[in-house]
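Read the structure below first, then the notes.
The values are calculated or read from the model by the stated rules, or taken from the named source; none is laboratory data. Everything numeric here is computed off the predicted structure, so don't read it as measured data. Using ideal geometry, Cβ is built from the backbone for each residue, glycine included, and neighbour counts are taken over all protein chains shown.
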């Protein structure tokens with residue numbers, strides 16, 4: 001069984017979009033985890049760590065933070081796999097900014 005502390009961030013990177021407690025809870029159902037508080041706590045923890053940012057207009061909805069972390073100068077765009085400084089803006093703009 002996958003470890004939820006790695007499973008959720010991987011799903012967020014792969015799927016993108018807005019993440020709510022319900023969405024995380026639905027993902028966790030496949031792992032046999034049913035507690036809403038676990039999903040809520042994990043999302044809040046990812047936001048504290050900078051993996052997620054609060055979605056505008058929502059106090060408990062998040063979106064991926066595509067900005068490279070200061071602690072990870074080699075961070076790469078999840079869409080084109082280029083270093084962020086060479087990315088054409090896929091993740092930031094939500095599409096190919098050719």
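State whether the residues of the stretch 36-53 include one that is surrounded by fewer than 17 Cβ atoms within 10 Å (Cβ to Cβ), at pLDDT 85 or above, assigned to a strand (DSSP E or B) and within 11 Å of the chain's Cα centre (by Cα).
yes
How many residues are surrounded by fewer than 16 Cβ atoms within 10 Å (Cβ to Cβ), on the phi < 0 side of the Ramachandran plot and either over 13 Å from the mean Cα position of the chain (by Cα) or without any contact (Cβ under 8 Å) to a residue 40 or more places away in the chain (or both) when one looks only at the stretch 15-35?
8
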